[in-house]
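The values are calculated or read from the model by the stated rules, or taken from the named source; none is laboratory data. Just so we're clear, the structure is a prediction, and the values are computed from it rather than from any experiment. Heads up, the Cβs are rebuilt from the backbone with ideal geometry, glycines too, and the neighbour counts pull from every protein chain shown. Areas reflect the complete protein model, heavy atoms only, side chains present, ligands, DNA and RNA absent. Shrake-Rupley method; radii C 1.70, N 1.55, O 1.52, S 1.80 Å.
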Amino acid sequence: MADFSGNVLVVEDDRQISKFVCYTLKNEGISCDAAFTGQDALGRLVSEPFDVMLLDLGLPDMDGTEVIQKVREWSEIPIIVVSARDQDKDKVGALDSGADDYLTKPFSAAELMARVRVAARHLRKLGERAAQMPSSVGGLQINFEKRLVYLDGAEMRTTPMEYRLLALFFKNIGKVLTTSHIIKEIWGVGYGNDTQALRALMAALRRKIEKTPATPRYIITEIGVGYRLVDE
Ligand code: CA
């Protein structure tokens, strides 16, 4: 599969199936990491970049649907659920919760690769959508491809965290982002609800982009809710 060489997270408690899936993916030049529980999967997802998640619905510690709901609070990663034939109801629930596709056990290597290819196409579409997103508000501009920020035409230095925060706002222009949503996006689910770190990061970003940080023109505070990047 020449057009996709990404990193797949395989969440499956059956070691034999997990081994078979990873072997098949690696044969096609795709990296594979295995998680054996739902908690393990969630932890991996926040600390490492993955392109696709293959998720068994029957996990020992939590329901696969619950994993999907948690992941969908902060990530658009394509999710392919894997279920046994007698779990049709669960499969529908998983798709309703935000899974992209499914595989029914037992499946062949060819079926597996067909599903992963479809998921990789979804991922590309997400990327295209990101590239087409409006990238300037007033004199503030972002270049997603080069990861650069400009203010009134001049390139502005940002730390990686400041860039991530600003990029998140640019992907949601005009939308209120809740404090907890931002924290999950920037630091991951394991970070809890530490608003202190977000306030410090926001202050640092505002000192760079706002002429008068006390009365911001770009990123507005929505008291008691979160923040919003103004829509012009
Ligand atoms: Ca299982």
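Below are the figures for this structure:
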| read-out | value |
| --- | --- |
| Difference of contour (0.36 nm per residue) and Cα-Cα distance, residue 63 to residue 39 | 7.6 nm |
| Rg followed by Dmax, in Å, when the stretch 140-187 is reduced to its Cα trace | 11.2, 32 |
| For the chain, the spread of Cα positions along each principal axis, largest first, Å | 61, 38, 25 |
| Segment residue 223-residue 173, length gained on full extension (0.36 nm per residue, minus Cα span) | 16.2 nm |
| Whole-number accessible area per residue in Å² for the chain, which is evaluated in the context of all protein chains at 1.4 Å | 52 |
| Residue-count net charge about residue 200 - beta-carbon cut-off 15 Å; Lys, Arg +1, Asp, Glu -1 | +3 |
| Extension gain (nm, one decimal) between residue 95 and residue 26, 0.36 nm per residue minus Cα-Cα | 22.2 nm |
| Residues whose placed amide H lies under 5 Å from that of residue 103, excluding near-sequence neighbours | 81, 82, 83 |
| Degrees, to the nearest 10: 109-132 long Cα axis against longest axis of the chain | 10 |
| Karplus-derived HN-Hα couplings along the stretch 24-39 (A = 6.51, B = -1.76, C = 1.60, θ = phi - 60°), whole Hz, x at Gly and Pro | 4, 5, 4, 4, 9, x, 9, 6, 9, 10, 10, 10, 10, 9, x, 4 |
| Whether the stretch 7-131 is rounded, prolate or oblate, judged on the alpha carbon gyration tensor where a/c under 1.5 counts as rounded | rounded |
| Long pairs among 70/184; 19/89; 26/91; 89/125; 89/184; 146/175, criterion Cα-Cα beyond 21 Å | 19/89; 26/91; 89/125; 89/184; 146/175 |
| Net +/- balance of residues flanking residue 214 in space, Cβ distance below 12 Å, scoring K and R +1, D and E -1 | +3 |
| Most mobile of 214, 41, 84 in a GNM of the chain (Cα contacts under 10 Å) | 214 |
| Overall form of the stretch 1-77 per C-alpha gyration tensor (a/c, 1.5; a/b vs b/c) | oblate |
| Exposure rule at most 13 other beta-carbon atoms within 10 Å, DSSP loop trypsin sites (Lys or Arg not before Pro): the chain longest free segment | 1-145 |
| Calculated from backbone phi, Karplus (6.51, -1.76, 1.60) coupling profile of the stretch 148-162 in Hz, x at Gly/Pro | 10, 10, 10, 10, 6, x, 9, 5, 10, 7, 10, 6, x, 5, 4 |
| Cut-off 15 Å between beta-carbons: net charge of the residues surrounding residue 19, Lys and Arg +1, Asp and Glu -1 | -2 |
| Amide proton proximity set for residue 59, modelled H, under 5 Å, gap of 5+ | 64 |
| Modelled FRET efficiency - R0 25 Å, residue 145 with residue 118, Cβ distances, 0.05 increments | 0.50 |
| Given charges at Cβ of Lys, Arg, Asp, Glu: the stretch 7-131 dipole, positive-most of 55, 92, 127 | 127 |
| Computed [θ] at 222 nm, helices only, for the chain once each DSSP H run of length n ≥ 4 contributes -39500 (n - 2.57) | -13500 deg cm²/dmol |
